[in-house]
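The values are calculated or read from the model by the stated rules, or taken from the named source; none is laboratory data. For clarity, every value in this text was computed on a predicted model and none was experimentally measured. Cβ placement follows ideal geometry from the backbone for every residue including glycine, while neighbour counts extend to all protein chains displayed.
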Amino acid sequence: MNVKDKILYKKSRRGDMEGIPFKSVPDMLRQNAKKYKDKPALMYKYNGRYITLSYEEYYNRALMVARGLRNFGIQKGDKVAILSENRGGWVIADMGIQCAGAVTVPIYPTNTPEQVEYVINHSDAVAVFVSTKLQYQKLLKIKDKIPNVKNVFSFDRFIGEKSLPVCSLHQLSEIDTPLTDSERKEIEEIIDKVEGDDLITIIYTSGTTGVPKGVMLTQDNVIYDAYYGIKKTENLVTEQDIFLSFLPLSHSLERTIGYYVCIMSGALMAFAESVEKVPENMMEVKPTIMVSVPRLFEKIYARILDNVHNMPEIRKKIFHWALKVGKEYVHKKYIERKPLGFLKTKYAIADKLVFSKVRERFGGRMRFFCSGGAPLDKTINEFFWVIGIPILEGYGLTETTPAVCINNLSLVRFGSVGTPFEKTFIKTAEDGEILIKGPQVMKGYYKNPEATQEVIEDGWFKTGDIGVIDENGFIYITDRKKELIITAGGKNIAPQPLENELKMDKYIGQAFVYGDRKPFLTALIVPNFERLIEYAKENHIKYIGMDDLVKNEKVIKLYEKRIADINSKLAKYETIKKFTLIPIDFSIDGGELTPTLKLRRKVIYEKYKDKIEQMYL
């Protein structure tokens, strides 16, 4: 790109930002610190009790971090990594980094020391924030391999090794020393000079298809995506909302939608203690909005149906009657958009008897969820709309900041990912690949112009996803281009819809479908262990551990029957001919899942290669 092209590019990008009142993310926080001042901005648990920071306090803490970073020699454009779970310190550090004119490089807390080393070195990070001593230990293991790292800052207070000194966030910020007028003026002058084309972050892809690439996102990318995301959802998010954050902030979905959208709206951002404690924290915090990936909704849906399964017969009948009424209500109100008549009264009765009680399990104030990261089964999506907590399913990638389209209360089709944001253009290539052009498309891959040129052509970003766009502009994602299975018979099969179909069975927790260049499809099946144990008790099956149970003849026959039932709904070439039961969940720690719970297909194949190939003998 020559100088003239760069000038035209920047002019066109700023044109897309007209009407947006924020020049950058730190400018956004500065404005909202004045607008909302004493209103709570952040809420997190410390020593068993919740602590809140107001918008003014949050902004001041960010400025103090910026002051400390400047004192440690951090300059505009320097890369500063954050290796941490979600917590208040994460977003305070991020805002402080930006206020200092530097660039945030998030690292998944589940990464191994070797993966951490790669991100730090490739991004040229000169400093690292860590959450705990456990994360610090990862840096210790690789300290001789990360020579550019000059400083380590920690959210928890602990004593580091002499060979890798640690400064706590409290010490870095000098919290007990108020900002002087000159210090505040100096940092705010840096904020004033932040340009839309300046990098806000480099986010490394989770590596489902090989070596992670550093996605460069600009201030304009993020500000546009957050602002027009709010607008696309018809300004549903308000300053009265409470977000509960649990997805990794290292990923663009939670970063933009669960964090920047929240702060842009003047809402309260509360932090879950961990993924495991989300149900407990929901009851404590009583959130109104959450961002999630489909796996959470699958688990919630399965748990609710489990509870229904154990209800007395009369309550089962009431539940299924309510569900039937709810489906009719949702379809008529949101899809057909017709008058409800007496159906409104019937739904009110169903809501009082059933749905209101289900909503209490979410804290009682949940207004809606946002879903992304992977396709959401339309049956599950419709179920949440029926119970009165709509899931607004959207779509995007790290490279698109991430959102490019979403359903809303006025425009929704179950099974679709909605319609595009303003000023965002989406089309399909001849082979069905989704192509995107818009202000949220990344600047490129860091230090990898070849990879950038491969995915951006004439301004269109090639997503690698296959999909269709209907006559009303709704987008349907069918699969990943690189994950399409091409059988020995030449059939192109998308594995994700089949895996979703399998996971809808009450005895199946997770599924992996395989068959590339093979004569038929096979599957690795992870049971729903709670249901399977219940089945074993009912059928007096004796076993020693899950390894033993999944090999039991009665259990295998159970799954044969259930998969046969699923096969009966599929085209012959899509049917699962053979399967193997796996006695342990696919997990992030096991390497089978990315931090956003997507299947790592190559890892799963290599890990279970013998079992998979055995099915073809």
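One residue is enough: does segment 441-462 have a residue meeting the conditions among the hydroxyl-bearing types (Ser, Thr, Tyr) and loosely packed, with under 15 Cβ neighbours inside 10 Å? Within segment 441-462 (the criterion being among the hydroxyl-bearing types (Ser, Thr, Tyr) and loosely packed, with under 15 Cβ neighbours inside 10 Å), the answer is no, since none of the residues qualifies.
The set of residues in segment 378-387 being within 20 Å of the chain's Cα centre (by Cα) and in a loop (DSSP other than H, G, I, E, B) is empty. Somewhere in segment 152-160, is a residue out of contact with any Phe, Trp or Tyr (no Cβ under 9 Å at 6 or more places or on another chain) and more than 29 Å from Thr256 (Cα to Cα)? Within segment 152-160, one or more residues are out of contact with any Phe, Trp or Tyr (no Cβ under 9 Å at 6 or more places or on another chain) and more than 29 Å from Thr256 (Cα to Cα). For Gln115, state whether it is more than 17 Å from Arg87 (Cα to Cα), assigned to a helix (DSSP H, G or I), among the polar types (S, T, N, Q) and modelled with pLDDT under 95. Yes: the conditions hold for Gln115.
With respect to Asp377, is the statement that it is surrounded by 18 or more Cβ atoms within 10 Å (Cβ to Cβ) and modelled with pLDDT under 95 true? Yes. Any residue at all in segment 220-232 that's in contact with a helix residue (DSSP H, G or I) (Cβ under 9 Å, 6 or more places away or on another chain), under 24 Å from Thr52 (Cα atoms) and part of a loop (DSSP other than H, G, I, E, B)? No, every residue in segment 220-232 fails to be in contact with a helix residue (DSSP H, G or I) (Cβ under 9 Å, 6 or more places away or on another chain), under 24 Å from Thr52 (Cα atoms) and part of a loop (DSSP other than H, G, I, E, B). Being more than 28 Å from Tyr118 (Cβ to Cβ), among the polar types (S, T, N, Q) and surrounded by 17 or more Cβ atoms within 10 Å (Cβ to Cβ), is that true of even one residue in segment 477-489? Yes, that holds for at least one residue.
Among the residues here, Val91 does not qualify as of a type in the set (A, V, I, L, M), crowded, with 23+ Cβ neighbours inside 10 Å and touching an Asp or Glu at 6+ places or on another chain (Cβ under 8 Å).
Conditions tested, residue by residue: (1) more than 17 Å from the chain's Cα centre (by Cα); (2) in a helix (DSSP H, G or I); (3) under 22 Å from Leu376 (Cβ atoms).
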{"position": "Glu239", "(1), (2), (3)": "yes, no, no"}
{"position": "Leu247", "(1), (2), (3)": "no, no, yes"}
{"position": "Glu254", "(1), (2), (3)": "no, yes, yes"}
{"position": "Gly258", "(1), (2), (3)": "no, yes, yes"}
{"position": "Ile263", "(1), (2), (3)": "yes, yes, no"}
{"position": "Val275", "(1), (2), (3)": "no, no, yes"}
{"position": "Met283", "(1), (2), (3)": "yes, yes, no"}
{"position": "Arg295", "(1), (2), (3)": "no, yes, yes"}
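Criterion applied to Ala66, Ala93, Ala33 was being assigned to a helix (DSSP H, G or I) and either among the aromatic types (Phe, Trp, Tyr) or under 26 Å from the mean Cα position of the chain (by Cα) (or both), and the one residue passing it is Ala93.
Remark: Ile304 matches the filter, which requires a residue to be part of a helix (DSSP H, G or I), in contact (Cβ under 8 Å) with a residue 24 or more places away in the chain and either out of contact with any strand residue (DSSP E or B) (no Cβ under 7 Å at 6 or more places or on another chain) or more than 20 Å from Phe362 (Cα to Cα) (or both). The residue of segment 572-591 that is surrounded by the most Cβ atoms within 10 Å (Cβ to Cβ), among those that are modelled with pLDDT under 95 and within 28 Å of Phe297 (Cβ to Cβ), is Glu574.
Restricting Leu164, Leu179, Leu140 to residues that are more than 23 Å from Asn47 (Cβ to Cβ) and part of a helix (DSSP H, G or I) narrows the list to Leu140.
Residue-wise test of (1) at pLDDT 95 or above; (2) closer than 30 Å to Val603 by Cα.
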site: Leu139; (1), (2): yes, yes
site: Ile142; (1), (2): yes, yes
site: Lys145; (1), (2): yes, yes
site: Asn148; (1), (2): yes, no
site: Gly160; (1), (2): no, no
site: Ser173; (1), (2): yes, no
site: Ala226; (1), (2): yes, no
site: Gln240; (1), (2): yes, no
site: Ser245; (1), (2): yes, yes
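Hey, does segment 328-347 have a residue that's under 30 Å from Leu268 (Cα atoms), surrounded by 20 or more Cβ atoms within 10 Å (Cβ to Cβ) and over 24 Å from the mean Cα position of the chain (by Cα)? Yes, because at least one residue in segment 328-347 is under 30 Å from Leu268 (Cα atoms), surrounded by 20 or more Cβ atoms within 10 Å (Cβ to Cβ) and over 24 Å from the mean Cα position of the chain (by Cα). Would you check if Pro390 is without any contact (Cβ under 8 Å) to a residue 60 or more places away in the chain, more than 30 Å from Gly214 (Cβ to Cβ) and under 32 Å from the mean Cα position of the chain (by Cα)? Against the criterion (without any contact (Cβ under 8 Å) to a residue 60 or more places away in the chain, more than 30 Å from Gly214 (Cβ to Cβ) and under 32 Å from the mean Cα position of the chain (by Cα)), Pro390 qualifies. Criterion first (out of contact with any Leu (no Cβ under 9 Å at 6 or more places or on another chain) and modelled with pLDDT of 95 or more) does Ala33 satisfy it? The answer is yes for Ala33. Among the residues making up segment 418-435, those that are β-branched (Val, Ile, Thr) and in a strand (DSSP E or B) are Thr419, Ile426, Thr428, Ile434. Residues that are within 21 Å of Leu53 (Cβ to Cβ), of a type outside the set (Gly, Ala, Ser) and out of contact with any strand residue (DSSP E or B) (no Cβ under 7 Å at 6 or more places or on another chain) within segment 156-179 comprise Asp156, His170, Gln171, Glu174, Ile175, Asp176, Thr177, Pro178, Leu179, listed in sequence order. When you scan segment 598-614, do you find a residue that is in the same structural domain as Asn492 (by TED's automatic domain parsing), loosely packed, with under 14 Cβ neighbours inside 10 Å and closer than 30 Å to Pro402 by Cβ, even just one? Yes, there is a match, as at least one residue in segment 598-614 is in the same structural domain as Asn492 (by TED's automatic domain parsing), loosely packed, with under 14 Cβ neighbours inside 10 Å and closer than 30 Å to Pro402 by Cβ.
Checking each residue in segment 389-417 for being crowded, with 24+ Cβ neighbours inside 10 Å and assigned to a loop (DSSP other than H, G, I, E, B) picks out Leu397, Thr401, Pro402, Asn407, Ser416, Val417. The helices (runs of 4 or more DSSP H) found wholly in segment 501-617 and carrying at least 3 residues that are without any contact (Cβ under 8 Å) to a residue 40 or more places away in the chain and not basic (Lys, Arg) occupy 529-538, 545-549, 553-567, 609-614. Kindly evaluate Thr180 against the criterion of being touching an Asp or Glu at 6+ places or on another chain (Cβ under 6 Å), surrounded by fewer than 17 Cβ atoms within 10 Å (Cβ to Cβ) and of a type outside the set (A, V, I, L, M). Criteria not met by Thr180.
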